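Below is one structure; the comments refer to it alone.
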Amino acid sequence: MMSKIKTAFFCGNCGYESTKWLGKCPSCNQWNTFIEEVIDKGNSKTQDNWKTYNTEKRSTAVIALTDVTSKEEKRITTNDPELNRVLGGGIVPGSIVLVAGEPGIGKSTLMLQDALELKNIVTLYISGEESEQQIKMRADRLKISNENFYLLTETSTHIIFQEIKKLKPDFVIVDSIQTLQSDIAESSPGSITQIRECAAAFQRFAKETDTPVFLIGHITKDGTIAGPKLLEHMVDTVLQFEGDRHYAYRILRTLKNRFGSTAELGIYEMTGDGMRAVLNPSEILINQKEEQLSGSAIAASMEGMRPLLIEVQALVTQSVYGTPQRTVTGFDLRRLQLLLAVLEKRGGFQFGVKDVFVNIAGGLKVEDPSIDLSVICALLSSYEDVPLPAHICFAGEVGLNGEIRAVNRIEQRIAEAEKLGFEKIVVSKFNKKGFDKNQFKIEIVALTRVDEVYRYLF
């Protein structure tokens, strides 16, 4: 007799399961996100099993915390310094990493390139989207050969784990998790049930065999990782590969990391030979101009432990329409409105009748509050149509009362500005306690309020 087909409803946003359709998800409070899917909770299906893969069994007995010996994780160091940086020092054995990004951004190229450069590690690249010939063509373009690199073009997890048992790889890459299909679930590939079951199978495999697994994931139209939020909770690390396809530069950002900092950033340049790690991004993020123009200021910002000097561009023009425009690229719109209100209230500048446009050069998205001061200086420069002095940069957060607040890691910011040839840096007066002024050759200008900065520059 055939078993009765069972169906359930799943929230497309968070993966919440319900026996009936609901208008509003009780877990994430989103409306109209429930999708009906066929499920099979019985034991009749073949389980993805790899118990014979590793004879070493992990202890499951209860143990006191004081009896656990703490040791530093042995990491696999790749030839990609930017990937090592965002992972916290290399790939941790037994970790499961989700790499997400828009179509065509270069996720597969980056993972293929990094895997091919691991010459002494047996790597299995599982592709559910491309054929062996397509991957071979990309590898030929990268001009990297590796005898320990193996391909498998398959979507069934049952067959995949059978091949894994034979090969016993040290590193597994899955491209992509949305294309895989488990025999345990009845639904189609890419559905919530399939993504959850396939990710869970690879999670168990990674933890029980100490094999690192990289899952490549897709991005939805609104920029979030495809599949339920549950997928992000199941993995150890979530990396987002982002950037504008019209720019040559790509950013690898850490959204979650159980083995390191979540504030790290890796920068790559897309070339004909693959992804090139950019070791000194400050030089490429500052546009070299023949003459000084108004509305441009250099900010000394931080991304994780890395100091970055970026160019902030502003344009202030007379408003033609009744409501002035506020347009930003790479900066928070609400933060811009706050800074404009500070300038209007504390400085007396009439931005209420002006159109304001702010752009972070190079296609970067910056959330560091220390660029507030450079945004304000760029706005004032465009407002007065007076270029800022050459070789000056800024590092400071601006409060609602117009005060310049101290920022963290000020020594690293100053050192980066000095290294790139800047002669002056404007910082908060409250930052003076955090460093020794005599150790730097660059002139450090410590100010307290925005009106002092205006009088100093103009």
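Take the residues in segment 297-344 that are part of a loop (DSSP other than H, G, I, E, B) and among the hydroxyl-bearing types (S, T, Y); name whichever of them is modelled with the highest pLDDT. Per the criteria, the residue is S319.
Quick check on segment 1-44: of everything there that is among the charged types (D, E, K, R) and surrounded by 15 or more Cβ atoms within 10 Å (Cβ to Cβ), which residue is modelled with the highest pLDDT? This residue is E17. Being modelled with pLDDT of 90 or more, within 29 Å of Y249 (Cβ to Cβ) and either of a type outside the set (G, A, S) or in contact with a Gly (Cβ under 7 Å, 6 or more places away or on another chain) (or both) is a condition met by at least one residue of segment 437-446. Of all residues in segment 280-333, count the ones that are touching a strand residue (DSSP E or B) at 6+ places or on another chain (Cβ under 7 Å), charged (D, E, K, R) and surrounded by fewer than 17 Cβ atoms within 10 Å (Cβ to Cβ). Number satisfying all stated conditions: 1.
Considering the conditions (1) free of Cβ contacts under 8 Å to residues at least 60 places away in the same chain; (2) open to solvent by less than 10 Å² (accessible area, probe 1.4 Å); (3) assigned to a helix (DSSP H, G or I), S374 is excluded by exactly one of them, (1).
Only one of the numbered conditions (1) within 21 Å of P93 (Cα to Cα); (2) open to solvent by 70 Å² or more (accessible area, probe 1.4 Å); (3) not aliphatic (A, V, I, L, M) is violated by T123, and that is (2).
Among the residues of segment 165-193, those identified as in a helix (DSSP H, G or I) and either of a type in the set (S, T, Y) or buried (at least 22 other Cβ atoms within 10 Å of the Cβ) (or both) are I177, T179, I192, T193. For segment 77-127, taking the residues that are among the hydrophobic types (A, V, I, L, M, F, W, C) and part of a loop (DSSP other than H, G, I, E, B), the one that is farthest from F202 (Cα to Cα) is identified as I105.
A Cβ distance below 7 Å, combined with a sequence gap of six or more or placement on separate chains, defines the contacts here; from segment 194-214, residues that are open to solvent by 50 Å² or more (accessible area, probe 1.4 Å) reach residues that are in a helix (DSSP H, G or I) in the pairs Q203/M234. Suppose we keep only residues that are open to solvent by 80 Å² or more (accessible area, probe 1.4 Å) and either outside any helix (DSSP H, G or I) or in contact with a His (Cβ under 9 Å, 6 or more places away or on another chain) (or both) within segment 437-458. Which one would you say is nearest to A300 (Cα to Cα)? Once the filter is applied, the top-ranked residue is E443.
Considering the conditions (1) part of a helix (DSSP H, G or I); (2) farther than 23 Å from V92 by Cα; (3) open to solvent by 10 Å² or more (accessible area, probe 1.4 Å); (4) touching a strand residue (DSSP E or B) at 6+ places or on another chain (Cβ under 8 Å), I135 is excluded by exactly one of them, (3). Tell me whether segment 417-428 contains one or more residues that are in a helix (DSSP H, G or I) and farther than 16 Å from V312 by Cβ. Yes, there is a match, as at least one residue in segment 417-428 is in a helix (DSSP H, G or I) and farther than 16 Å from V312 by Cβ.
The values are calculated or read from the model by the stated rules, or taken from the named source; none is laboratory data. For clarity, every value in this text was computed on a predicted model and none was experimentally measured. Cβ sites come from the backbone with ideal geometry, for glycine too, and all protein chains shown count toward neighbours. Accessible surface areas use protein heavy atoms only, side chains included; no ligands, DNA or RNA. Shrake-Rupley method; radii C 1.70, N 1.55, O 1.52, S 1.80 Å.
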